Amino acid sequence: MLVVMFLTWYERKVLARIQLRIGPLYAGGPGGILQPIADGVKLIFKEVMIPYKADKFLFIWIPLALVFSAAVPFAVIPFGQHWVIANLDVGLVFVFAMTSLFPSMILIFAWASNSKYPFLGGLRSLFQQVAYEIPMWISALSVVMLAGSLSLVDIVNAQTKIWFAIPAFLSFVVFFVSIMAELERLPFDLPTAEPELVAGWFTESSGAIFMVLFLALYMKLYLMSSLVTVLFLGGWWGPAFLPQPVWFIIKTLIVATFIIIPRGVYPRIRVDMLIRIGWTRLLIIALANVFLTVLMLNSGVLAAWGL
Amino acid sequence: MVALTSYLIVSAALLGIGVYGLSVKKNAMRILFAVEIIVNAANLNFAAFTRYMNPPSVSGQVIVFYSIAAAAMEACVGLALILVAFRLNSTIDVRKLNKLKG
Amino acid sequence: MALITVPPDITFIVLAAVAIIGSIMALQAKELIYGAISLAISFIGIAGFYVFLDAPYLAMLQIAIYVGAVVVLILFTIMLVRREETDEMVDRPEGGEGAIGLWLAGLLSVGIAGVAALAGPNLPNAPPPGNLPVSELGPVLAVEYPIPLIILALLLSAALLGALVLAKVEK
């Protein structure tokens, strides 16, 4: 929770720096750090408007379910050598199963709004998120092959000598791009394109509902960044002068920064180009990397690093 | 510890629900739901039996793995069929979809 | 003759209730979309059963494939086949249909459950000790069942192409 609040403030600051502004400064506290609280209070007090024929029951429950499925995978992500809540044998597949729940809930929510524009935005978002799940899974496959296990703790433990981002460089890039598409961050922002569809699939949510959705969105961001850190950047290994969880948080924040920055930099990509990139180019690059990994493993190139 | 029989009873109940839906419902989508429920009941059966075998074996899980994939495929094709049938007849009531041509 | 010699514990009953009630609601709900959502909930219940049965990989696969993909497809199709008539169509069985369906389903399920219960004392009460680690699944797949794997791949491609060709809009 706290992390999400921090992240929203952090994002606006970073964006503002890129756009040569100062960012939220007026909400009090040093450097506007109380801004998220102000946001939260405002959103709670805004009237919760539910459109006339929309589905009240679904409207309220789906955002909660979204937050739930975004928060649950945190139980398997290890923050440190022994700082994990549940070391599942199939930890990675668990995270992916939870992320595959998102598109269906977004679709239901978009339909529950019962009006054209959110629905269109929901469809586009559905296409985008489903299309980018596959490159994500396949690039994670290379990591699993390098580590030899699906458990996240084992994957991090196998990175003591070398971060997986270096032998599996292509899948690092593919995974990173797919994450940006899954989270609907620019430059893949079309479902929430402001000049076009107002706010995409959550147009009709306001007040407390929007706050819950916002929470889910940023939790997803943090979840994905920590996944990148665990899979590719070595988790919590670092020189021993800082405790391990701190290293993890630092690395995750660096990744999150790199996800937030392009929002202020790149123009948007058209939705059909976006989907085509996901299904063809990224998939091929991910598969190529799987082949490369198999070659490297079998030819013993990586033996120097204990793989 | 749960006895194997309990799993079989749950699986049989799901099978019954699926068969009821398959034979009574007129909406093509609900019939698809019923088929998925039946497949799930069978998968549960496989998974239960393979766990309770002595010595423990993992072949049942392989079968369930294939079964999940095959059922997903068949649902996809079935949905495409429903789409096409709807486009041609403007209805998905299976009692009205009884002409083979035209 | 006790039907079930070991009473099931509470988690099992909850999971069974979720799966069964979910599937009943999937067939009986007024709106198709509610039906699809309860189907998804029923699938999650069955995934819970797999976890109980020491098959965590299967459980995650079930959630990822069924709830993550099949339910999405179903929802998508439901949204594409909406017309005024299908909305008002009440899917209640009429005439003798309902009775026939109930008899059929009842006989089938009670028959199978009866066989299971009668064979109850002969079936193992508790699962044999020993773990089924996930790493054992891979070699079994590749070594003992390679042909189904290849056939599955071919079937997948065929189904994909078939669905694409079927659903193509003729210009």
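The values are calculated or read from the model by the stated rules, or taken from the named source; none is laboratory data. Everything numeric in this text was worked out from a predicted model, so none of it was measured. Because the Cβ atoms are built from the backbone with ideal geometry, glycine has one as well, and the counts that use them run over all protein chains shown.
Among (1) out of contact with any helix residue (DSSP H, G or I) (no Cβ under 8 Å at 6 or more places or on another chain); (2) over 22 Å from residue C:109 (Cα atoms), which single condition is residue B:26 missing?
That leaves (2) as the condition not met.
Looking at B:1, B:53, which is the one that is out of contact with any Lys or Arg (no Cβ under 8 Å at 6 or more places or on another chain), modelled with pLDDT under 90 and within 7 Å of chain C (Cβ to nearest Cβ)? Working first, answer last.
Values: B:53 fails: within 7 Å of chain C (Cβ to nearest Cβ).
Result: B:1 is the single residue among B:1, B:53 that is out of contact with any Lys or Arg (no Cβ under 8 Å at 6 or more places or on another chain), modelled with pLDDT under 90 and within 7 Å of chain C (Cβ to nearest Cβ).
Among the listed residues B:62, B:94, B:84, identify the single one that is at the interface with chain C (Cβ under 7 Å from one of its Cβ atoms), modelled with pLDDT of 75 or more and under 19 Å from the mean Cα position of the chain (by Cα). Before you say what the answer is, go through the steps one by one.
On the way: B:94 fails: at the interface with chain C (Cβ under 7 Å from one of its Cβ atoms); B:84 fails: under 19 Å from the mean Cα position of the chain (by Cα).
Answer to the check: B:62.
Pick out, from the stretch A:29-132, the helices (runs of 4 or more DSSP H) lying fully within it that include 1 or more residues that are at pLDDT 75 or above and assigned by TED's automatic domain parsing to the domain that holds residue A:150.
Numbers: elements: A:35-45, A:56-71, A:91-99, A:101-112.
So the answer is A:56-71, A:91-99, A:101-112.
Exactly one condition in (1) over 22 Å from residue C:105 (Cβ atoms); (2) out of contact with any Phe, Trp or Tyr (no Cβ under 7 Å at 6 or more places or on another chain) is false for residue B:62; which is it?
(2)
Could you tell me which numbered condition residue B:14 fails, if it satisfies all but one of (1) of a type in the set (A, V, I, L, M, F, W, C); (2) at the interface with chain C (Cβ under 7 Å from one of its Cβ atoms); (3) surrounded by fewer than 23 Cβ atoms within 10 Å (Cβ to Cβ)?
So the condition that residue B:14 fails would be (3).
Search the stretch C:21-51 for residues being at the interface with chain B (Cβ under 8 Å from one of its Cβ atoms) and free of Cβ contacts under 8 Å to residues at least 24 places away in the same chain, and hand back the single one that is surrounded by the most Cβ atoms within 10 Å (Cβ to Cβ).
The qualifying residue surrounded by the most Cβ atoms within 10 Å (Cβ to Cβ) is C:23.
Across the stretch C:91-132, what is the number of residues that are of a type in the set (Gly, Ala, Ser) and at pLDDT below 60? I'd like the intermediate steps shown before the answer.
Narrowing the stretch C:91-132 to residues of a type in the set (Gly, Ala, Ser): C:95-96, C:98-99, C:101, C:105-106, C:109, C:111, C:113-114, C:116-117, C:119-120, C:126, C:130.
If we keep only those that are at pLDDT below 60 as well, we get C:95, C:126, C:130.
So the count comes out to 3.
Quick test for you: out of B:72, B:80, B:34, pick the one residue that is part of a helix (DSSP H, G or I), within 16 Å of residue C:36 (Cα to Cα) and without any contact (Cβ under 8 Å) to a residue 12 or more places away in the chain. Before you say what the answer is, go through the steps one by one.
Numbers: B:80 fails: within 16 Å of residue C:36 (Cα to Cα); B:34 fails: without any contact (Cβ under 8 Å) to a residue 12 or more places away in the chain.
B:72 is the lone residue from the list that is part of a helix (DSSP H, G or I), within 16 Å of residue C:36 (Cα to Cα) and without any contact (Cβ under 8 Å) to a residue 12 or more places away in the chain.
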